[in-house]
Structures are given as C-alpha cells and as structure tokens.
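J.: Attaching a single structure in structure tokens format; questions to follow.
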Amino acid sequence: MKRILTALVALPILFYAVWSSSPYFFVALTFIAVVLALSEFYGLASRLGCKQQPVAGYAAAVVVIASFLFEEPVLAVAAMIGLAIVALASALANPDEMNKSLVSVSITAFGVIYIALLAGCLVGVRMIPNLLASKLLTMFFAMVMMTDTGAYYTGRAIGRHKLAPRVSPGKTIEGAIGGFIAAVATGFLCKLIFFREIPVTHALVLGAAIGVIGQIGDLAESMLKRGSGVKDSGNLLPGHGGMLDRIDSILFCAPLIYYYSRLFASKL
C-alpha cells in the first residue's frame, strides 16, 4: 500500500515536470533527486568507514547538472578536474589518514559520476526545445517503471530460479524476463498512443535495451547496498526505500535516451 500511495504522489509531479512548458521545473526536480541520492551514496560509504569530501562532491554535482542545462560539456570536465584537485588537497591536509586517501578521493568522484553525470543526461534531453523532449522522457520513464513492475509481479507469480542470489536474493530469472517483455511492450504502446513519430523498430529496440540495462542498474545498486550491509539506501520514500533505490535503473538507462535524442530523435 505504501508503494502505491508514494507512486500516486510522485507520478503527477513527474508528469508535470516532463510536460511543463518550462523545462526548469524538471531541472530542479532532477537536482533535488541528485542531491538526495548522492547523500545516500556517501552514507553507504560511511557505513564501511570510508570518508569522503561531500561538500566538494555536491559542488561538482551542481556544475555537472549545469553543463547539461547550458549544453557546455567543458563545465562537466572542469567540475571533475576541480573535484579531484579539492579532494586530493583535502587528503593532503590529513596526513595521518594517508592510507585512506585513495578511497576517499575515489568515492567522492565516483558518486558524482554515478549519480550526477548520469542523471544530467535526462536534463540534456529535457532541454530539447519542442514536444519531442516530453514524448521521449514520457516513453523513457514508462519503460523503466514497467520494467520494474513487470519484473516484480512476474517474479512473485512464477519466479523459481534465482537471478543473482548473492546480490539480490529476491530477484528471479523469470522476473527478469517479465520485466524485459514489459519494457518492449511499453515501447510499442507508447508508439501507438502518443509517439506516432518514432519508428516502431526504434521503440522496440529502446524498450529491449532499457529492459536489460535497467535491471543491470538495479542489481548494481543492490550490490552497493549489500556491500554496505543495508537493505535500502534510505527511508525517504515509504515502500520504496531511499532516492537512490528509486532511481538506480533510471541512472543506468539515462545515457541511452540522451544519445538516442542526439543521434536519431532530431530526424523524427
């Protein structure tokens, strides 16, 4: 019930952000999600005794998102260079913890790459100046969500064979297949319902790719949680865990829809 109630609150907000005449509501929503997910990621690392430089990480995340907002890739490069310099300088200021400096710098930088850089791809799609952006993102989120939903309910109904028992004991091969089929079917339905411009082959291939990559993203985040000894990255969203739990599949799939929008969508 908590999962359903949370979805009923979150989906209208997401729908408005995707279809609003101004893209900046979506940008703000993405930024909030990035900050919350990055905080949870650093929290997972802290449980293992790994220190980070969170202030530098948050600052770099802001610049990375801005690089997609203003379509200036050099900003993202500058942010990562600056982050590396600040993190290394901070490590030098604590020579007594020299043995932890490599881990500290690596975790700080990886959090920004994993969360801010990947999420920024969606900002890049939203900045396309026509309805194409809204249609692409609606189809994208529908595919990701239906992959998760299809995998969950198929796994509960007929799941028998474990997919990755050491990483996520609840996931099954049958569930993964169900999620894949749901993503492909969602692509086809999106084509029929509101996205007539997209070729059916594109819709099906995108659905297939998201049906695979999204589940890999889910497993990757499960591995991080299991390594940190927790079930959820946080408790922000009742029934869903933390923000990172909610966007793990989205992050892995975001570059796919970004590069599709740059390579193919302009021709639609």
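J.: List the number of the failed condition for Pro165; all other conditions in (1) open to solvent by 20 Å² or more (accessible area, probe 1.4 Å); (2) in contact with a Leu (Cβ under 8 Å, 6 or more places away or on another chain); (3) over 21 Å from Pro255 (Cα atoms); (4) not charged (D, E, K, R) hold.
T.: Unmet for Pro165, out of (1) open to solvent by 20 Å² or more (accessible area, probe 1.4 Å); (2) in contact with a Leu (Cβ under 8 Å, 6 or more places away or on another chain); (3) over 21 Å from Pro255 (Cα atoms); (4) not charged (D, E, K, R): (2).
J.: Any idea which of Phe264, Phe252 is more than 30 Å from Leu48 (Cα to Cα) and touching a residue at least 60 places away in the same chain (Cβ under 8 Å)?
T.: Testing whether each residue is more than 30 Å from Leu48 (Cα to Cα) and touching a residue at least 60 places away in the same chain (Cβ under 8 Å) leaves just Phe264.
J.: Scan segment 168-182 residue by residue and report those that are charged (D, E, K, R) and open to solvent by less than 40 Å² (accessible area, probe 1.4 Å).
T.: Selection gives Glu174 alone.
J.: Can you tell me which residue within segment 112-131, out of those that are open to solvent by 30 Å² or more (accessible area, probe 1.4 Å) and part of a helix (DSSP H, G or I), is nearest to Phe194 (Cα to Cα)?
T.: Checking each candidate, the answer is Leu131.
J.: For segment 37-53, which positions are open to solvent by less than 50 Å² (accessible area, probe 1.4 Å) and either of a type in the set (Lys, Arg) or more than 15 Å from the chain's Cα centre (by Cα) (or both)?
T.: Listed by number, the residues that qualify are Tyr42, Gly43, Leu44, Ala45, Gly49, Cys50, Gln52, Gln53.
J.: Condition test on Ala185, is it under 24 Å from Phe70 (Cβ atoms) and either at pLDDT 95 or above or open to solvent by less than 10 Å² (accessible area, probe 1.4 Å) (or both)?
T.: Judged against the criteria, Ala185 is not a match.
J.: Further question on the same structure: Kindly indicate which of Val18, Val27, Val34 is more than 24 Å from Asn130 (Cα to Cα), at pLDDT 95 or above and under 19 Å from the mean Cα position of the chain (by Cα).
T.: After ruling out the rest, the residue left standing is Val34.
The values are calculated or read from the model by the stated rules, or taken from the named source; none is laboratory data. Computed from a predicted model, the values in this text were never measured in an experiment. Counting neighbours? That spans all protein chains shown, and the Cβs are built from the backbone with ideal geometry, glycine included. To get the accessible areas, we keep the full protein, side chains included, count just its heavy atoms, and leave off ligands, DNA and RNA. Shrake-Rupley method; radii C 1.70, N 1.55, O 1.52, S 1.80 Å.
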